[in-house]
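Written out below as structure tokens is the structure these notes cover.
The values are calculated or read from the model by the stated rules, or taken from the named source; none is laboratory data. In this text the structure is predicted, and so the values were computed from the model without any measurement. So basically every Cβ, Gly included, is an ideal-geometry build from the backbone, and we count neighbours across all protein chains shown. Remember, those area values only see protein heavy atoms, side chains included, never the ligands or the DNA or RNA. Shrake-Rupley method; radii C 1.70, N 1.55, O 1.52, S 1.80 Å.
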Amino acid sequence: MERSSTAEASLLSKLESSVDLTGIRHLFIAHLQPFTPFLKPSTTTAKKPVKSSKSKPPDNPTSIRSLAKQFLSFIHNYRLCLNCLDLIAPELAGKPYSVQLQRIRYIHCLEHWELYKEAEAEGFVVLESLSAIVRGGSKGNSRKSKARLVPELSEDSVDQEVAAVILEIVVTLVKCTSKRRSKVDADYWRVISLVNESEPWFKILDAKDYEKFHHFLETNLHITALFLVAEIKDFGVDLIHDFSIATFKEYKKSSAQDQIYKVALKICSSLFSQRELSSDIILDVLKHVLDFMAAECQVGVEKTTLGFLDLVCYCAYKCLSAAASLCDPVAEHLYRVANALHKDFPHITSILRLYVTGLLASSSSNRSNGEDEEKYKNAPVGSALQVFLNKERLQQVAASINLLNGHFDIGGKGKNSQKREISHSPSYWEALKFLCQSLAEFIYVNRKEIFSDAEITSSWDDLSSIHDVFHQFCYTFLQCLSATERERETTGDNHRVISVVVVAALILSFKTNKNIKESTLLVKHVISTEWLPVKRLKYLYVSLNNIAVILNREKRLKEALKALKLCCQASWNYVVDLCKMHVDKSHASRDDMSEKAIADFAMEASEKVAFLLELNREGNCKIDGIIKECVKCWCVAENLIGMLPTPASLIKEWVKIQFLVSKEEDTELGTTLYSLLSSSEELPKSAIGKLVEEELLAYDEKSYVNPRYCLRMRMRIIDVLLEKVYITNGSNVKKSKILIEKAKVLRANGLARLDECVQCLSNAITTLGYLEIHPSLYDVVIKLFNGKNVPLVKTMSELWKTKRLTHTLCASPVNHMFLETFSKHQSRLCSSAEFWKTFVEEVKPLLIGFHDTNNEIKQAASDLISQVPLSSSSMFLSSNLYYDLSGRLISSGRMIEALTYAKEAHRLRSKLLQQKFEYSVQKMTETFDESGEITEKSYYGIQNFKVNDREVSQGSCDYEGCVLTPWNVLTCYLESTLQVGFVQEILGNASEAEMLLRWGRDVSQFQGLPLLEISFSSVLGKLYCKQKLWSMAEKEMSIAKKILADNCDAISCKKCAYMLEISVNQQFGDLFLSSPCSRELPSAKNLFMAKSLYRSALDKLNLSDWRSCYSTSEEAGAKQVISREKSVSSRTINLLEMNDSLSNDKPENKAELRRSRRTKKELKPASQRQDMVCGHNRRVTRSTHRSLGETCEIGPGDRQIGSAAGLATESLSTTAAGLDHNAPNSESKCSAADFGSDITSLCNKMKCWHCFHSEAVDCNSLNNFIYMNWELVYRKLCLRLLISIGSLILAKLLKKGFVYLSWLDSRIFLS
């Protein structure tokens, strides 16, 4: 025995652990050799199963018993041992089917190994063996028992354990068949037999085992049924039918009865997914499935009924996408099913009839579309309409709707509310939706035939029931369905159907001439709802347009106008929704369009409205509401996408209508678009302005039809724009353009209104602080003066005296655009020295800059104000002289004298301001917290500031012909206010300076003058910085920088923009250097921020634009010489780099520092070695340039052009000003080398100021004079910035401990 156990262990170990199993079978056979005499050959097939050993006992029980004792533990587990185990089973104690239990384990192993065929064969062997056990070993087997696959249950063999064993085998066999996917019909017929024969055994199981085995059975039947349907071409329809019914029945027996509907739905889905199947096959299976589900409805179970109706709904919708030949037979079958259920379930019958009608309508619609042409080729024209107009069917539909409304209490006053009831009747809702969709699509497809049909007109009177169906659907959707239920369908179905239905209802109303108002309101309501998807709006727009075209073609103008009006509303709502989608990128979809595509569609929508207005000439429909609604939508869309074009087609048609109205009513003036739109408060002024400008252009284009009428209307529209639309501070540019247009209209009246024309142009030049349209303005002005035979010298002098040739605070007395325009008219005079000498004499002594002394200027100003009576023009001219004289004195450092003349200019301009404006002020107090110390500041706040009414009515021309507009006076007054405040700040009169500067800033802000507001805030910041009010200084500088950033694109004078940006950045940097309290040095962070601001200012100074407009030929030659002398950079001494190198090594004694100071003294005479010769042959020689290089003491590097974009577009907080408060390297280097190459560029561009000034004066050229002014501004900016950079470097040296001077003392020294 021990040796036998060792052999068994060896075999088992080899079987379990060895990789190479060669010869293992022979080893097992050899080990089981003692069984050979007792075993008989057998085949493990279903037809000839091995007979049980209990049916035929072995001949030698003693020998077999000994084998059992020896091999029982070994043969109990393996396949080769099963027959051996079966042989010794009679000698074992226990259940008679214990061996079958082992065989079941073996079957599961085969299943796990995916040997499904072998598992099936073994399973049927086990069932055969169990049949013998259940029969009790009887030898006589009837023919009936031999035909069965499952043992027959008798009253004597009721054993739950045996039932569990049998059913486990049955379920396993069904599972193997479902997984094997055989293509043999017999395999599945056998499964049906297994299911039917095993039914009695399920009945004797306890609940737990029943649920377990039956769940596996129905699941695998479900899988197999779907496989058979998917491969229906390889099987017969009868097999599919019987197998499906068997599956349904098993589900019906289980607790998952509601799954019957889902299984049926999957079967139908599989059918419809097979496009290649013939309609007959699909129809046969559908009939079986629908009949079974309809029979289940008669049981009265609510879930089953709902499942059946859902299945019908699914099949009906799938039929719509199939061929038309499938709709009719399915409808016919559903009609028979409905009749069968009519007596006991009338509401189900009514729902089915709705589907039937919908399918027939869909079939008719498909015929109209040309589907199945072969089948319907012999059908007469209009047969689809005849089918649709079947009176009996229409009556059935009406009766069904009424019955269902009563059943579900739709629209009734029952106890349950409509909303709750409709949510409990989804079957009715889906049937109604299907019917309406089919009918609506049929009506829209046949719209041409419907409106052109004359033979069957009487039949249309019976369509009131269909119209009621449409209204019932719309009522249910719009009133009964909750918002959640509607939103749940945003991807498609409900919204698509409601769109189709309202269009079809409108078609029916137009055809029958009934319920037109109700149908129109329905369309309007759907168009205006927010939940309708964009693509549905597009469908409505297209559909309504098509209907309008057909109606217009059929000469039904009234209905065509209604349809087109709805089309226009849908098109503009579509435009608005497209704009919203384009802006809101978080809801991107396939419907999203580019701005250009949206603009194109907006133009198309405008053309539709224009077509509507054109048709209205005959229809006499009210159009005011149409235009208002379209314009309102355009305004919303234009606010979202600024590039949306104006509805030009609409406005042109509006102008045509006004022409006709004026002709018919014989009126001189028509209605303006503004009078129509002004009552709509939701329309912004800017949008109205664009529309009215388009109207102005339309009248200009139509002036050839009726010139006098167009002229009057244009003047009226211009007045509206100037007086009612463009009245805000930000509309100066648009206002100026309209003033130019007004001047053109006035010029068309001839010389009679020439003075008014000049007045308009003057107002345009004054009003516009920017320069985009100045060339055209100047061109018109010059042409007007030429037309009056005014000499050009006189023209220029008049413009010069009234400051029309420049803008506020500009360093150039003449705009270069004027010179360019002037040169186009008189190129010879523009370059003539004699002309400019004559011009100087004409304007003498108004032209400051051509005089060596100030006495003539003082005398001229005094003579002007001594005249009696004193005129406005004399005060204005005198104030200009005093203002310019003060500026000249400021440049020479004579501040006390400059203040005197500045105050006199301010006094005269204040008088003029009081003549032109009315304003009121109120004394106010503002509190500031400066490092914990509360400071109060008093100032005068503006309550009102407007143009004097007298000025508006009388104009601005006095008897001398000097044109003084209110805006001209206001800007000059603010310039004087700034000048006085600036001088007071320099002289240390802080309180007077602050009062003036705050007042000027507030007026500038109130009137929308950004250039002046920036300047006032900048000087205020400098004043507060001197007073060590750091937070107030930073606030003012931040205001200045923000205004500059907001208006950088609008300031067309780029040099002024650069000048302001450089000044603001330099002052901000000075603020960071000066902000430490007492005598402490700036922090490393402040040094870093100041350095960044200075760098930005230096980049702007190095831009080439500074010399882009006014450069002399000599200056250009000098630049060429400089560009050729690149080697000079390598020979210059870089004092800044020397300072930086000093910062790395501490000085050993003070003598070394003193030597560095002597170096400065030695360098000073170098400035006297400049040898530039003034005159016609002046040029910059190589030696001269080398001398300049030595004088400037700058480091190597060529000129670098900085970026034009910069801090101008950034916000003004100290963090966002291009600086980092949390710079990682707080001790970052701030050396002179950081600025060396740029400072080199600055100095290389400069020549001797004395020589430069002499050139400009000697040449008597206004171009040179203007260039000299800009050069002076440029050098002042360079000087201030270089001083600030020097302060920054000195601060770094002081921080390193090189210089033992007080920080504040050094700041005073450098400034």
Step through the table entries K608/K690; K737/K788; K937/K1022; K524/K622; K608/K702; K824/K946, compare each Cα-Cα distance with 28 Å, and write down the pairs that go over it.
K824/K946
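To the nearest 0.05, how large is the calculated FRET efficiency for T529 and T927 if R₀ is 60 Å and r is the Cβ-Cβ distance? Let's see the in-between values first.
Details: r = 53 Å, r/R0 = 0.88.
It comes to 0.70.
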How large are Rg and Dmax for the stretch 99-239 when only the alpha carbon atoms are used, in Å?
15.2, 46
Under-5 Å amide H pairs with T935, H placed in peptide plane, nonlocal only
F928, D929, E930
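Please work out the FRET efficiency for the pair Q867 and S678, using the Cβ-Cβ distance as r and a Förster radius of 30 Å; give the result to the nearest 0.05.
On the way: r = 47 Å, r/R0 = 1.57.
Taking R0 as 30 Å, the efficiency between Q867 and S678 is 0.05.
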Across the stretch 621-697, what fraction of all alpha-carbon pairs, as a whole percent, falls in each successive 10 Å bin from zero upward?
17, 53, 24, 5, 0
So which chymotrypsin sites (Phe, Trp or Tyr not before Pro) in the stretch 518-580 are both in a DSSP loop and have at most 16 other Cβ atoms within 10 Å of their Cβ?
W531
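Could you sort out which of K183/K208; K262/K433; K911/K1026 sit more than 28 Å apart by Cα distance in this structure? Provide the component values of the computation, followed by the final result.
Values: K183/K208 35 Å; K262/K433 22 Å; K911/K1026 32 Å.
Going by Cα-Cα distance, K183/K208; K911/K1026 fall outside the 28 Å limit.
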Candidate residues Y973, Y335: accessible-area rank, largest first, probe 1.4 Å:
Y335, Y973
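In what sequence, highest mean first, do 993-1005, 264-276, 665-677 appear when ranked by Cβ atoms within 10 angstrom? Walk me through the numbers on the way to the answer.
Details: 993-1005: 22.5, 264-276: 16.3, 665-677: 14.6.
For the peptides 993-1005, 264-276, 665-677, the packing ranking is 993-1005, 264-276, 665-677.
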What's the extension gain from I727 to K937 if we count 0.36 nm per residue and subtract their Cα-Cα distance?
72.3 nm
Using a 1.4 Å probe on the protein chains only, how many percent of the accessible area of the stretch 248-317 belongs to carbon and sulfur?
50
Point-charge dipole on Cβ atoms (K/R +1, D/E -1) for the stretch 586-720, about Cα centre, debye to 20:
240
Within the accessible area of the stretch 501-554 (1.4 Å probe), percent carbon and sulfur
48
Take the alpha carbon gyration tensor of the stretch 151-310, find the square roots of its eigenvalues, order them as a ≥ b ≥ c, and report rounded if a/c is under 1.5; if not, report prolate when a/b exceeds b/c, else oblate.
oblate
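Output the pairs from K555/K663; K535/K565; K742/K783; K538/K565 with a Cα-Cα distance over 21 Å in this structure; if there are none, say none.
On the way: K555/K663 27 Å; K535/K565 19 Å; K742/K783 16 Å; K538/K565 15 Å.
Cα-Cα > 21 Å for K555/K663; rest within.
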